[in-house]
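Colleague: Right, I'll just put the structure down here and ask away after.
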Amino acid sequence: MAIQSSSGGSKPPAPKRLVAPEATAAESDGGRDEGLRPRRLCDYIGQSELKQVLGIAVEATRLRNDALDHVLLYGPPGLGKTTMALVLAEELGVSCRIASAPALERPRDIVGLLMNLQPRELLFIDEIHRLNRVAEELLYPAMEDFRLDLTVGAGPAARTRSLELPPFTLVGATTKAGSLSSPLRDRFGLIQRLEFYSCGDLEAIVSRSAQLLQLELAAEAAAEIAQRCRGTPRIANRLLRRVRDFASVRGIATVEAPVVVEALAMHRVDGRGLDPSDRRLLSLLETSYGGGPAGLDTLAAALGEDPDTLEAVVEPFLLQLGFLQRTPRGRVLTDAGRAHLEAA
Ligand code: ADE
């Protein structure tokens, strides 16, 4: 799948974006988010500190006609890590190859990606904390010296051959920065965290997406979606599509706030954006563990969830809302979390 980028502004048109066969879930999501992604830094709403830091790095890189330093983006899923990698490629006028670490199983997968890179191209590796050891060790000299060290032959006759690589930029993305080995983390020149978006930024994102989808959405309706999307643009755009479905089936031309409330109640998304998995976690803590503390593995087993998913996907927003606390003895339901459950 190749994604043609738009040029925009006065910059020369960038070459095609390339998406490797190991496209990430976000990227291969039927291409659904594709039309809604911002393409340039100036269209990217929110994450002001990240934009400022990367904007300066991009500008300096352009002035030097160099490859951008390697970038590590971390934070909860859906906050725009893949989008930012594509924006960086667009700003630099180069292609971005997209891969996901779990798909880079065999050494030849990563070798193939590295050997096909063109000068100054971006290589985006999603879930980079899941790279296997061989792939990771191949990356070290590639990142540091643009060199690929290959072992040829086996046993006593084995020899190392080094191949020169063009200067390139690795953009790594992870929801679990703590799981990255320090030698890998230390090879990134820019390490940036993506934060949950403010309601104001999410409102602007929803209004922009509605315009692109040619949906008439009142400002208060955009605010209702913004409040229910867990601080996450990917969820905001997903909810917007559900609202659009609801409005088309009901023959509603202009979507006002009550339509959003009704449409999203059908999907069991509550007023603070909690979905059934969030509420199940909070209720379990309250009813089975007297509010906690309870260990992550215990909770995951009781919910039939994978502990990593619970920790990286479900918990961060509950922590952000102050409904849940992580303590050395386990997870604890807060008074605010209890009040939310009681009000539901
Ligand atoms: N769509 C998804 N994320 C976005 C962002 N950060 N800015 C603008 N549009 C978006």
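Colleague: Of all the Cα-Cα pairs you can form in segment 53-157, what percent are over 25 Å apart? Could you put the intermediate results ahead of the total?
Modeller: Values: 1331 of 5460 pairs.
Value for segment 53-157 (Cα pairs over 25 Å): 24 percent.
Colleague: If you don't mind, there's one more thing I want to ask. At a 1.4 Å probe, what is the % contribution of carbon and sulfur to the accessible area of the chain? Mind dumping the intermediate values first?
Modeller: On the way: 7900 of 16100 Å².
So the carbon and sulfur contribution to the accessible surface is 49 percent.
Colleague: Using DSSP, restrict attention to beta bridges with both residues in the chain and report what percent are antiparallel, rounded to the nearest 5.
Modeller: On the way: 13 of 32 bridges.
If I count the DSSP bridges inside the chain, around 40 percent turn out antiparallel.
Colleague: Quantify how much of the Cα-Cα distance distribution of segment 81-133 extends past 16 Å, in percent. Before the final figure, lay out the partial values.
Modeller: Working: 588 of 1378 pairs.
Of all Cα-Cα pairs in segment 81-133, 43 percent lie more than 16 Å apart.
Colleague: Would you mind estimating how fast the chain diffuses translationally, via Stokes-Einstein at 25 °C and 0.890 mPa s with the Kirkwood radius over Cα pairs, in µm²/s? Don't jump to the answer; show the numbers that get you there.
Modeller: Details: Rh = 21.9 Å.
Translational diffusion coefficient: 112 µm²/s.
Colleague: By what distance, in whole Å, do the Cα atoms of segment 147-241 stretch along each of the three principal axes, largest value first?
Modeller: Sorted largest first, the three principal extents are 71, 29, 23 Å.
Colleague: Taking every pair of alpha-carbon atoms in segment 266-344, what share in percent sits in each 5 Å bin, from 0 to the bin with the longest distance?
Modeller: Percent of Cα pairs in each bin: 3, 16, 31, 28, 16, 4, 1, 0.
Colleague: While we're looking at this one, here's another question. About the Cα centre of the chain, how large is the charge dipole given +1 on each Lys and Arg Cβ and -1 on each Asp and Glu Cβ? Please answer in debye to the nearest 20. Could you put the intermediate results ahead of the total?
Modeller: Details: 41 positive and 45 negative charges, 97 e Å.
In debye, rounded to 20, the chain gives about 460.
Colleague: Roughly how many Å² is the accessible area per residue of the chain, as a whole number, for a 1.4 Å probe?
Modeller: On the way: 16100 Å² over 344 residues.
That works out to 47 Å² per residue.
Colleague: OK, next. Rg and Dmax in Å for segment 115-184, alpha carbons only: what are they?
Modeller: Rg then Dmax for segment 115-184, in Å: 13.5, 41.
Colleague: What is the spread of the Cα atoms of segment 133-291 along each of their three principal axes, largest first, in whole Å?
Modeller: 72, 47, 27
Colleague: Here's a follow-up. Per-residue accessible area for Y289 at 1.4 Å probe radius, Å² rounded to 10?
Modeller: 80
Colleague: Further question on the same structure: What does the helix-only formula give at 222 nm for the chain: each DSSP H stretch with n ≥ 4 adding -39500 (n - 2.57), the total divided by the residues, and the result rounded to the nearest 500 deg cm²/dmol? Let's see the in-between values first.
Modeller: Numbers: 13 runs with 144 residues, N = 344.
Taking each H run of at least 4 residues, the total per residue is -12500 deg cm²/dmol.
Colleague: Each label point is 7 Å from the Cα along the Cα-to-Cβ direction; what then is the distance between the points at S181 and E216, in nm?
Modeller: Result for the modelled spin labels: 5.9 nm.
Colleague: Go ahead and run the numbers for FRET between I56 and I191, Cβ-Cβ distance against an R0 of 22 Å, rounding to 0.05. It would help to have the intermediate numbers written out before the result.
Modeller: Values: r = 15 Å, r/R0 = 0.68.
That gives a FRET efficiency of 0.90.
Colleague: Okay, moving on. On full extension of the chain, what length is gained from D43 through D275, given 0.36 nm per residue of separation minus the C-alpha to C-alpha distance?
Modeller: 80.6 nm
Colleague: According to a simple spin-label model (label point 7 Å from Cα along Cα-to-Cβ), what is the distance in nm between T327 and R161?
Modeller: 6.1
Colleague: Still on this model: Quickly rank 267-273, 88-94, 312-318 as a protection proxy: mean count of other C-beta atoms within 10 Å, highest first. Before the final figure, lay out the partial values.
Modeller: Details: 267-273: 16.3, 88-94: 22.7, 312-318: 20.1.
For the peptides 267-273, 88-94, 312-318, the packing ranking is 88-94, 312-318, 267-273.
Colleague: Local charge sum around V314 (other residues, Cβ-Cβ under 12 Å, Lys/Arg +1, Asp/Glu -1)? Let's see the in-between values first.
Modeller: Values: positive: R230, R279, R280, R331; negative: D275, D278, E305, D306, D308, E311, E315.
Net of charged neighbours comes to -3.
The values are calculated or read from the model by the stated rules, or taken from the named source; none is laboratory data. Given the structure is predicted, the values throughout are model-derived calculations rather than measurements. Cβ coordinates were reconstructed from backbone atoms using ideal geometry, including for glycine residues, and neighbour counts include every protein chain displayed. Just the protein is used for accessible areas: all its heavy atoms, side chains included, with ligands, DNA and RNA removed. Shrake-Rupley method; radii C 1.70, N 1.55, O 1.52, S 1.80 Å.
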